[in-house]
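Below is one structure, written out as structure tokens, with a few remarks after it.
The values are calculated or read from the model by the stated rules, or taken from the named source; none is laboratory data. A quick note: this is a predicted structure, and the numbers were derived from the prediction, not measured. All Cβ positions, glycine included, derive from the backbone under ideal geometry; neighbour counts span all protein chains shown. The protein model used for the area step is the full one, side chains on, heavy atoms only, and it has no ligands, DNA or RNA in it. Shrake-Rupley method; radii C 1.70, N 1.55, O 1.52, S 1.80 Å.
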Amino acid sequence: MKNILLIGATGQIGSELTMRLREEYPSGQVVAGYISGAEPKGELLESGPSAMVDITNAGQIASAVKKYNIDTIYNLAALLSAVAEKRPQLAWNVGVGGLYNVLEVARENNCAVFTPSSIGSFGPNTPRIKTPQDTVQRPTTMYGVTKVTGELLSDYYASRFGVDTRSVRFPGLISYVAPPGGGTTDYAVDIYYAACKGEKFFCPLKPGTFMDMMYMPDALRAAIEIMEADPSKLVHRNSFNITAMSFDPEMIYAKIKEFIPDFQMDYKLDPLRQSIADSWPDSLDDTCAREEWGWKPRFDLDFMTKDMLAHLSVKLKKETKEKVSSVCTT
Ligand code: AKB
């Protein structure tokens, strides 16, 4: 990889992945593709090129690819599961129509393509525990439908046209940098914010709702390592099960309480998110990713919680200081 275009570079994964890729490939161009209203700011804007690239506009994708001589596209544009349920038509246009545009531009310009799939690509008929790599994928959400379609379309472009498409099925991603928006697993980020702010947390999912999760540094490494993997070793492409941990709300609450004993949590269920979570697996089997490209997570619940709380408390203190000083100077 030398010249990379990220579509959706200002989102939850994109804003961190763009910076990691710029560190990883200092001699290449890592272009932050954004849509109107979500322009890059600060370090993201200053550390490299950016371009307006709306995934639903094939012409915009093609002109950025040509202008920067792009060889790899990270396609991170998507509506997360709960939002996709509220706006299914838009979720399809972005997730499937957008991917089709990316794959066509990649075919014409010889680019490799990474498009994340998700634990949301599974459904209620999928084996719930240690979900195998190759199994039933009959999701009941629009998010899941777009993800399964995306896996199939990406594999089709690899076998039919030789486009180097690769992907991982991300679990819920936890980060202190950019917040997620509209996912079913978002509670596992929100709970840390509440704990650090000294607020009581109202959990939208009931106890016993297990889902796979991963700390963002592991997720970023996975997205880079899969694209660097030796293609001759890949039996699968779109998409690999990967996981780092599986927990339910009680487990993450108990872990945070080890560090913040006063922290309080209660339940205020969100029926939409609960029904989505109930249709997803409790835990994935990621043996194929481990065997085919050496995948191995570094963060478990304990290590992630220590790191998350440490970074988040610094971040929130800094934000409070900035707010106070802006009030004092106005
Ligand atoms: C969501 O909750 O929608 C996402 C996902 C698991 O793909 N975080």
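Of the residues in segment 85-119, how many are open to solvent by less than 10 Å² (accessible area, probe 1.4 Å) and under 20 Å from Phe161 (Cβ atoms)?
10
Kindly indicate which of Thr149, Thr184 is within 14 Å of the ligand (Cβ to nearest atom) and either part of a helix (DSSP H, G or I) or at pLDDT 95 or above (or both).
None of the others qualify; the one that does is Thr184.
Mind telling me which of the residues Ala82, Ala62 ends up being open to solvent by less than 40 Å² (accessible area, probe 1.4 Å) and more than 26 Å from Gly182 (Cα to Cα)?
Ala62
Take the residues in segment 27-36 that are small (Gly, Ala, Ser) and open to solvent by 70 Å² or more (accessible area, probe 1.4 Å); name whichever of them is nearest to Gln12 (Cα to Cα).
Among them, the one singled out is Ser36.
A quick yes/no check of all residues on (1) aromatic (Phe, Trp, Tyr); (2) in a helix (DSSP H, G or I):
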{"position": "Glu250", "(1), (2)": "no, yes"}
{"position": "Lys255", "(1), (2)": "no, yes"}
{"position": "Asp266", "(1), (2)": "no, no"}
{"position": "Pro281", "(1), (2)": "no, no"}
{"position": "Glu292", "(1), (2)": "no, yes"}
{"position": "Trp295", "(1), (2)": "yes, no"}
{"position": "Phe299", "(1), (2)": "yes, no"}
{"position": "Asp302", "(1), (2)": "no, yes"}
{"position": "Val314", "(1), (2)": "no, yes"}
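At pLDDT 95 or above and within 16 Å of the ligand (Cβ to nearest atom): does that describe Ala77?
Yes, satisfied.
Applying the selection to segment 166-214, what residues are acidic (Asp, Glu) and open to solvent by 20 Å² or more (accessible area, probe 1.4 Å)?
Selection gives Asp190, Glu199.
Mind listing just one residue for me: the one in segment 187-199 that is within 15 Å of Leu269 (Cα to Cα) and of a type outside the set (A, V, I, L, M) and, of those, farthest from the ligand (Cβ to nearest atom)?
Asp190
Among the candidates Ala178, Ala194, single out the residue that is part of a helix (DSSP H, G or I) and of a type in the set (A, V, I, L, M, F, W, C).
Being part of a helix (DSSP H, G or I) and of a type in the set (A, V, I, L, M, F, W, C) holds for just one of Ala178, Ala194, which is Ala194.
Please list, ordered by first then second residue, the pairs with beta carbon atoms under 8 Å, 6 or more apart or interchain, first in segment 164-189 and closer than 16 Å to Thr141 by Cβ, second aromatic (Phe, Trp, Tyr) and part of a loop (DSSP other than H, G, I, E, B).
Thr184/Trp280
Which residue pairs have Cβ atoms under 9 Å apart, sit 6 or more places apart or on different chains, and have a first residue in segment 12-33 that is in contact (Cβ under 8 Å) with a residue 60 or more places away in the chain and a second that is assigned to a strand (DSSP E or B) and among the aromatic types (Phe, Trp, Tyr)?
Correct list of pairs: Ile13/Tyr74; Ile13/Phe170; Gly14/Tyr34; Gly14/Tyr74; Leu17/Tyr74; Leu21/Tyr74.
Among the residues of segment 152-159, is there at least one that is in contact (Cβ under 8 Å) with a residue 24 or more places away in the chain and assigned to a loop (DSSP other than H, G, I, E, B)?
No: zero hits.
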